[in-house]
Amino acid sequence: MGIEFLVRARRVTLALTVLAALAGAVYGGLAFGLAIALGSLWSVGNVLFLEAFARLLVAGRLGRTPAMRDVAAVLGGLPALLLGGWALLAGGLPLLAVTLGFWILFAVVVLKGLGLALARSLDFATGRSGESPRAAVRRPLPSRRTQGLTGWALVALLAGGMVLWATAAPKPQAPAEHPAAAAPAGEHAAEGHAADAAPGAAEGHAAGGGHASGHPEGVPEMPTIPGVLAKLLPHAAWAQAFFVWENLFYALLAGVFLIVAVRWAFARPKLVPDRPQALVELIVEGAHDFLTGTFGPEMARYVPFVGSLFFYILTMNWMGMVPFLKAPTSSLNTTAAMAVVVFLYVQYTAIRHQGLFGYLHHMAGSPRDAIGWAVAPVLLPIELMGELIKPVSLAARLFGNIFGEDLLIAVFIGIGAAIMAWQPAPVGFPIHVLFMFLGLIMSAVQALVFSLLTAVYLYMALPHGHDEEHHGAGSGAQPAHA
Amino acid sequence: MPYQSALGLALPLAIGLAALGSGIGLGLIGRAVMDAIGRQPEAAGKLFVPMILGFAFCEALTIYAFITMFMLSGRIQ
């Protein structure tokens, strides 16, 4: 067995140790996790010591001068390891955890050895060309950079999932017990903090109520970055404020993401586009063709507005699927703000194209004869109401759909965790994945509906939308005239 | 009957009723569009936007019931 084997085993062990320690800290408290980490580190130290010892022996047999590092490791390592082991055993850490940590390295070595022994079948499974176990061991390691990036990315992913789970598990009844959750923290800190804890709890409570936009407590929600921060730092005012403003933060994040992505794709625009540029051009062209094809060439002017709305909303909706992010559109505030913008822009467009009197004439039902003028006072409020109900329904539709969809996913994550609660590992049955696929589709459809309705309203505000029969709110469903 | 029980009974029922109506409406729209496409497949592109809009208007009614439920479900406690 080459030394690479041990190096690989050590790296895997370190990664596993991080995960195991995290899981232990989540489950059995901080001391438990620390004990796992220390036990594992101690066994890794043993292996390092043995490695140095073996190198010394080999060097002695071959008659080479041994490396000073190895000599130092062997001479200094023995007392250090003994001392460390004694401290571990006598330090009062949970022995079970120490033993568990100690066994991680051995488990990795055994599993890796098994994998090598089964290399042929593994080759078959992974589609790699068959190589002998010997060659697999001697294969040069990938560059440190690649190793580090992929390995630690994997570890971060798993650890993130674990933290996510740990914070999500007590969620279903979480917001209601906000004060209860803050109280032990206050108790723990000191009696003097008791007065401190109360406003913090109240603030958290208000934050929960405020950010769910008037929804009752007890709505399960997936943790978000501001939410986790606010939970970790119940006394920090900035964390609480961040939590209250999280929808705004995520909405800004979506906008920044879009701007940066498009800027990056068009950093050096070329006549023959590279991949990112081609993708963005394809998307923009698709939006342009769709709008002008459906509504006519005069809509080309509104492609930037409607298209940006679509991709902005799509990005925000899909953010709800990403762990630690939240769909800002699952708050009525975000959708209402967008609906108000659309409303104002539509009214502006109508007045701009029809003139103020034409606009009023239109609002009065376009009277032409005496009877028309006679019923105008009745029609005017109806038309006005029809105009005003548009943004309300726009906002409520988007909010309701996205909120319901995210709620569904959160509820099913809770169910998945409940299914697997009989065993100690922090995993849930991924039952929600089905609903995430549904959510992906629904998000896209809702983004399309919002921007399409905006396009319809804009189209109706244009002069020639005038002749068509479109009284009442929902009549815009006939824009496809040719 | 205390109003909490009344709400607890009525809210799911209200959602269900709204969903029933929306479902019928969605089904009608979907059937009509399918018929139309079957009759004239080249019109599929033109039918898409009105179909989506019809879906949106139809489904909005359930969403209103859903939002109403969330506004009221806080009172059941």
- [ ] Calculate one ³J(HN,Hα) per residue across segment A:249-257 by plugging θ = phi - 60° into the Karplus curve 6.51 cos²θ - 1.76 cosθ + 1.60, and present them in order as whole Hz with x for glycine and proline.
- [x] 4, 6, 5, 5, 4, 4, x, 4, 4
TODO: Using a 10 Å cut-off on Cβ to Cβ distances, tally the other chain neighbours for every residue of B:68-77 and report the average as a whole number.
DONE: 3
TODO: Grab every C-alpha pair in segment A:68-113, bin the distances at 5 angstrom width from 0 up to the longest one, and report whole percents.
DONE: 5, 18, 15, 18, 19, 18, 6, 0
- [ ] Calculate one ³J(HN,Hα) per residue across segment B:21-31 by plugging θ = phi - 60° into the Karplus curve 6.51 cos²θ - 1.76 cosθ + 1.60, and present them in order as whole Hz with x for glycine and proline.
- [x] x, 4, x, 4, x, 4, x, 4, 4, x, 5
Task: Total accessible surface hidden between A and B, rounded to 100 Å², 1.4 Å probe - done: 1800
Open item on the list: Let me check against my output: what whole-number percent is the relative contact order of chain B, with C-alpha pairs under 8 Å and at least 6 apart?
Closed with: 56
Open item on the list: Using a probe radius of 1.4 Å on heavy atoms only, what accessible surface per residue do you get for chain B? Whole Å² is fine.
Closed with: 61
- [ ] Pull out a ≥ b ≥ c, the square roots of the eigenvalues of the alpha-carbon gyration tensor of segment A:248-470, then state rounded if a/c is under 1.5, prolate if not and a/b is larger than b/c, and oblate in the remaining case.
- [x] oblate
Task: With Cα atoms, 0 to 90° folded angle of helix B:44-72 axis to chain B main axis - done: 0
Open item on the list: Taking each residue in A:391-403, count the Cβ atoms of any other chain within 10 Å of its Cβ, then average. What number comes out?
Closed with: 4
Task: For B:41-48, mean number of other protein chain Cβ atoms within 10 Å - done: 2
TODO: Quick one: which residues, 5 or more positions from A:Thr224 or on another chain, have an amide H under 5 Å from its amide H? H modelled 1.01 Å from N in the peptide plane, none for Pro or chain starts.
DONE: none
- [ ] With label points built 7 Å along Cα→Cβ from the Cα atoms of B:Ile15 and A:Leu48, find their separation and express it in nm.
- [x] 5.6
- [ ] Using packing as a proxy for protection, rank A:449-455, A:37-43 so that the peptide with the highest average count of other Cβ atoms within 10 Å comes first.
- [x] A:449-455, A:37-43
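The values are calculated or read from the model by the stated rules, or taken from the named source; none is laboratory data. This one's a predicted model, so the numbers in the text were calculated from it and none came from an experiment. For neighbour counting, all protein chains shown are included, and Cβ atoms are generated from backbone atoms with ideal geometry for every residue, glycine included. Surface accessibility is based on the protein's heavy atoms, side chains included, excluding ligands, DNA and RNA. Shrake-Rupley method; radii C 1.70, N 1.55, O 1.52, S 1.80 Å.
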